[in-house]
Amino acid sequence: MKNIDSVRHVRGESIFIDDIKIPQNTLFAYVFYSSIANGKILEIDFSEALKSKGVKGIFSAKDIPGENQIGGIISDENLFAENEVHFIGHPIAIIVAEKYLQAKEASKKIHIVYEKQKPILDPREAAKNDSFIIPPRVFQLGNTDETWQNCDYIFEGKVDSGGQEHIYLETQGAVVIPFEDDLLKVYSATQNPTAVQRTIARILALPMNKVEVNVQRLGGGFGGKEDQATAWACMTALAAYKLKTPVKLILNRQDDIRITGKRHPYSSDYKIGLNKEGKILAYEVTFYQNAGAAADLSPAILDRTLFHCTNSYFIPNVKATGLSCKTNLVPFTAFRGFGGPQGMFVIESAIHHAANEMNIPVTEIQKKNLLNENDEFSYGQKTKNCFTIKSYKLSEEKFDLKKLQEEVDEFNIKNFLVKKGLAVMPITFGISFTTTFLNQASALIHIYTDGSINVSTAAVEMGQGVNAKMKRIAAKILSVDESRINVDSTNTSRVVNTSPTAASKGTDLNGFAVIDACNILLERLKKVAAEELGEDDWRNITFKNEKVFDENEPTTLTFVDVIKKAYFNRISLTAQAFHSTPNIYFDTKTNKGNPFSYHVYGTAIIQVTLDCLRGTYETDFVKVVHDFGESFHRQIDIGQVEGAIVQGIGWMSSEELIWNEDGKLLTDALSTYKVPDIHAIPKEINIEPLPYDKEKLLNDEFKDQIGPLNSKAIGEPPFMYGIGFYFALLNAIKSFNPKLKLKYNSPLTPEKVLMMLYENNF
Ligand code: MTE
Ligand code: HPA
Ligand code: MOS
């Protein structure tokens, strides 16, 4: 197992927040939250709860010494509700006791009286009431209004996609230990240590240098801890600060599902115009994003929906409108793909709709419209080094798509109660934070006198293997054995002003910073070696596998010898480097620019088998041609693709969030919210790397179109292959029930599939 955490994880030795050896006097916290979705707090009385066994304190809005505000992009979210509550789960107070169960028990003794108001749960209803997080966002290319008249076909429809709960294995939590002079040491399971630091400082009216945030690793984040780890750390810090005692808060699984944000549900309208040949001439789409009760990351997520609203296709006339609708549900947040999947699902639905009406294969429309080199996206960026067509063609050839389709057709003729369905899902995913300033990172590298090396970066390890990658990069550049290198925790006192580990940019941004820091050290070491060897030009020195070479001739010096010499010569063995992505910008007034440093491409073919008596299904295979660039850690990259595909299929199939009309989440346990299990994963996942053109990268024009060591970002793009599952299954349903009126409404749970199989079909 090559991921450095694997063995520790399997043995249960990895340290997560709940495993930290806490001081003996540590107190435990429980969050008291609103049980209604919308209304006023008329009365609240903590006196009985305060008398409850073991209770040491209860803190609410009035106890906050600084600002009661945790909003990142927009300051619209309080840490604790003041007079109004806006969703079920809206935190009201934190109870601190000697034991966790005592704190939980005390929460039941809080006396609270609400005045209930009717909640708005549906984004379209919110839009009707002008309840928006931000003004509408419109991305536009060409002119759709003038194009409809040139279209031979025009189709319109509605698409819904459900939310998605992250189900990271480690629930949200934090431990805060107060030290002298107001200093707080914070252990938080966050993708965004600096946001936690900044927000705690804001809540407590402290300067940021009084808050140190340390992150060893997360038991999964998937976007759920980009913004939403902050609140729990702030509450814990408030209690620790007030009581001058260590405090620990871990959400139990059910509370975590109930009161933390998820992927945004969307409802969308599309209008697509094509000519007889299947060329898409115009596309209009309006996205109703269900943002929940506060902004959180919704505006940035909505942007990414717009960026990816035409997925892998060039459409000359596009008008995409994004509405971020404020409702009385938990504030929705980042989740792998960051709004991209919601945008891509709509265009794929529109194409599926058109193909079915025009009676031609979906693949024919897909292929006629794939992005070419130098094609323009609706946001003004042009494709460069574009592999959309290449990946599509290669997947067709490598996996013999024609034969696969014939086999499915034949199977469906021969079988009545079992049907198969096939779909092709191309992806073109933009890499960079679309919020340009976030595209920065730094690395701090220390070499100790025994030759051991400590690497710190802004990157947070959350299972995606970024630490293994940082280790490999440092080992490659310094040409030392990986065993010399320790990748340290992410710590705001060592690496400052960090961007979240998100947008699939963790390896790219921090990897480049590690390369730069290593090169700074290498230059110093080469100078030391040159002096030692009597070589006039340090540029003639090279390090290879821990040995020193002079003009490519081996010498007796080793890496460790040079380190010791450097120390005695009083040469610094520490280097810090900063990296920011070149040549990206985006103008949010015109919605034009060059927001992405490059795109990741790929094409998946997905096949499902459907039991038409029960509505249950299996994924037979997912076959992918994926653009890794030059993968320098194949095992991790393959794992990322596999995991993302399964997570994507889960979003499209069994993972269904259901709220009742009061805004209460009914699917708040793993018995009712079904994540893919061992039976639901594809029987076969076949991943072929897209062969890539190294020569081209030597060309100056393309040199910024790639990540460190010529790799490409891997974390999110493969998630969207899972969208193909929806269409594969829909095709299978349609082959059993030709009278089915096609609907684009994910997820396709077995009960929904069963209804569709027999709709108009008796
Ligand atoms: N893989 C694992 N095992 N656990 C995670 O939490 N998060 C995903 C992806 N892969 C995640 C994961 C998300 S949402 C992102 S943005 C990237 O990893 C972040 O890491 P990277 O930028 O280092 O790829
Ligand atoms: N992805 C993830 N997180 C972000 C982004 C993005 O594009 N922009 C701002 N935060
Ligand atoms: Mo990933 S959704 O950008 O954390």
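The values are calculated or read from the model by the stated rules, or taken from the named source; none is laboratory data. These numbers come from a predicted model, not from an experiment. Please note: Cβ atoms are built from the backbone with ideal geometry, for glycine as well, and neighbour counts cover all protein chains shown.
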* Please state which one of Lys414, Lys393, Lys382 is closer than 25 Å to Gly506 by Cα, surrounded by fewer than 23 Cβ atoms within 10 Å (Cβ to Cβ) and either without any contact (Cβ under 8 Å) to a residue 12 or more places away in the chain or of a type in the set (Phe, Trp, Tyr) (or both). => Lys382
* In the range 300-328, which residues are within 16 Å of ligand 1 (Cβ to nearest atom) and either part of a loop (DSSP other than H, G, I, E, B) or touching a helix residue (DSSP H, G or I) at 6+ places or on another chain (Cβ under 8 Å) (or both)? -> Arg304, Thr305, Phe307, His308
* Asked: Would it be correct to say that Lys104 is in contact with an Asp or Glu (Cβ under 8 Å, 6 or more places away or on another chain), among the basic types (Lys, Arg) and at negative phi?
  -> no
* Structure fact -> In the set Met720, Met756, the lone residue that is of a type in the set (A, V, I, L, M), out of contact with any Lys or Arg (no Cβ under 8 Å at 6 or more places or on another chain) and farther than 30 Å from His90 by Cβ is Met720
* Asked: So is Met470 within 16 Å of ligand 2 (Cβ to nearest atom), surrounded by 20 or more Cβ atoms within 10 Å (Cβ to Cβ) and either over 16 Å from the mean Cα position of the chain (by Cα) or at negative phi (or both) or not?
  -> no
* Candidate set: the range 135-154, residues that are within 32 Å of the chain's Cα centre (by Cα) and of a type outside the set (Val, Ile, Thr); chosen: the one farthest from Trp232 (Cα to Cα) -> Gly142
* Take the range 664-679 and flag every residue that is touching a strand residue (DSSP E or B) at 6+ places or on another chain (Cβ under 9 Å) and at pLDDT below 95. => His679
* Residues of the range 469-513 being more than 13 Å from ligand 1 (Cβ to nearest atom) and among the acidic types (Asp, Glu), which ones? -> Asp481, Glu482, Asp488
* To do: Working carefully through the options Thr588, Thr667, Thr581, find the one that is of a type in the set (Ser, Thr, Tyr) and within 30 Å of Glu751 (Cα to Cα).
  => Thr667
* To do: Test Leu404 against the criterion of being modelled with pLDDT of 95 or more, surrounded by fewer than 22 Cβ atoms within 10 Å (Cβ to Cβ), more than 16 Å from ligand 2 (Cβ to nearest atom) and part of a strand (DSSP E or B), and give yes or no.
  => no
* Structure fact -> Within the range 9-32, the residues that are surrounded by fewer than 21 Cβ atoms within 10 Å (Cβ to Cβ), out of contact with any Asp or Glu (no Cβ under 6 Å at 6 or more places or on another chain) and not polar (S, T, N, Q) are His9, Val10, Arg11, Gly12, Glu13, Ile15, Asp18, Asp19, Ile20, Lys21, Ile22, Pro23
* **Residue in the range 223-244 that is over 29 Å from the mean Cα position of the chain (by Cα), in a strand (DSSP E or B), more than 16 Å from ligand 2 (Cβ to nearest atom) and not hydroxyl-bearing (Ser, Thr, Tyr) present** => no
* To do: Would you be able to say whether some residue in the range 276-286 is surrounded by 24 or more Cβ atoms within 10 Å (Cβ to Cβ), in a loop (DSSP other than H, G, I, E, B), at pLDDT 95 or above and not polar (S, T, N, Q)?
  => no
* Structure fact -> The residue from Ser75, Ser47, Ser35 that alone is under 27 Å from Thr667 (Cα atoms), surrounded by fewer than 17 Cβ atoms within 10 Å (Cβ to Cβ), out of contact with any Ser or Thr (no Cβ under 6 Å at 6 or more places or on another chain) and polar (S, T, N, Q) is Ser35
* To do: State yes or no: is Ala503 within 30 Å of Ile301 (Cα to Cα) and part of a loop (DSSP other than H, G, I, E, B)?
  => yes
* Exactly one of (1) in contact (Cβ under 8 Å) with a residue 12 or more places away in the chain; (2) of a type in the set (D, E, K, R); (3) over 17 Å from Pro331 (Cα atoms) is unmet by Arg124. Its number? -> (3)
* In the range 164-218, residue surrounded by the most Cβ atoms within 10 Å (Cβ to Cβ) [restricted to those that are within 15 Å of ligand 3 (Cβ to nearest atom) and part of a strand (DSSP E or B)] -> Gln164
* Would you check if there is a residue in the range 363-373 being among the hydrophobic types (A, V, I, L, M, F, W, C) and either outside any loop (DSSP other than H, G, I, E, B) or surrounded by fewer than 22 Cβ atoms within 10 Å (Cβ to Cβ) (or both)? => yes
* Asked: Which numbered condition trips up Leu730, out of (1) surrounded by fewer than 22 Cβ atoms within 10 Å (Cβ to Cβ); (2) more than 15 Å from ligand 1 (Cβ to nearest atom); (3) of a type outside the set (Phe, Trp, Tyr)?
  -> (1)
* **Some residue of the range 516-529 being crowded, with 16+ Cβ neighbours inside 10 Å, within 16 Å of ligand 2 (Cβ to nearest atom) and either in contact (Cβ under 8 Å) with a residue 24 or more places away in the chain or part of a helix (DSSP H, G or I) (or both)** => no
* Give the residues of the range 294-346 that are in contact with a Pro (Cβ under 8 Å, 6 or more places away or on another chain), closer than 30 Å to Leu281 by Cβ and away from ligand 3 (no atom under 16 Å from the Cβ), sorted by residue number. => Asn311, Ser312, Thr321, Gly322, Leu323, Ser324, Cys325
* To do: Return yes or no: is Ser391 farther than 25 Å from Gln289 by Cβ and among the small types (Gly, Ala, Ser)?
  => yes
* Asked: If you scan the range 109-151, which residues turn out to be more than 30 Å from Ala81 (Cα to Cα), out of contact with any Cys (no Cβ under 9 Å at 6 or more places or on another chain) and of a type in the set (A, V, I, L, M, F, W, C)?
  -> Val138, Leu141, Trp148, Cys151
* Asked: Which of the residues belonging to the range 181-240 are within 14 Å of ligand 1 (Cβ to nearest atom) and of a type in the set (S, T, N, Q)?
  -> Thr190, Gln191, Asn192, Gln228
* **Number of the condition not met by Thr498 [criteria: (1) farther than 18 Å from Asp5 by Cα; (2) surrounded by fewer than 24 Cβ atoms within 10 Å (Cβ to Cβ); (3) not aliphatic (A, V, I, L, M)]** => (2)
* **Any chance Val424 is assigned to a helix (DSSP H, G or I), crowded, with 18+ Cβ neighbours inside 10 Å and in contact (Cβ under 8 Å) with a residue 24 or more places away in the chain** => no
* State yes or no: is Ser378 more than 16 Å from ligand 1 (Cβ to nearest atom), among the hydroxyl-bearing types (Ser, Thr, Tyr) and outside any helix (DSSP H, G or I)? => yes
* Structure fact -> Note: among Leu698, Leu690, just one is surrounded by fewer than 14 Cβ atoms within 10 Å (Cβ to Cβ) and either within 16 Å of ligand 3 (Cβ to nearest atom) or of a type outside the set (Ser, Thr, Tyr) (or both), namely Leu698
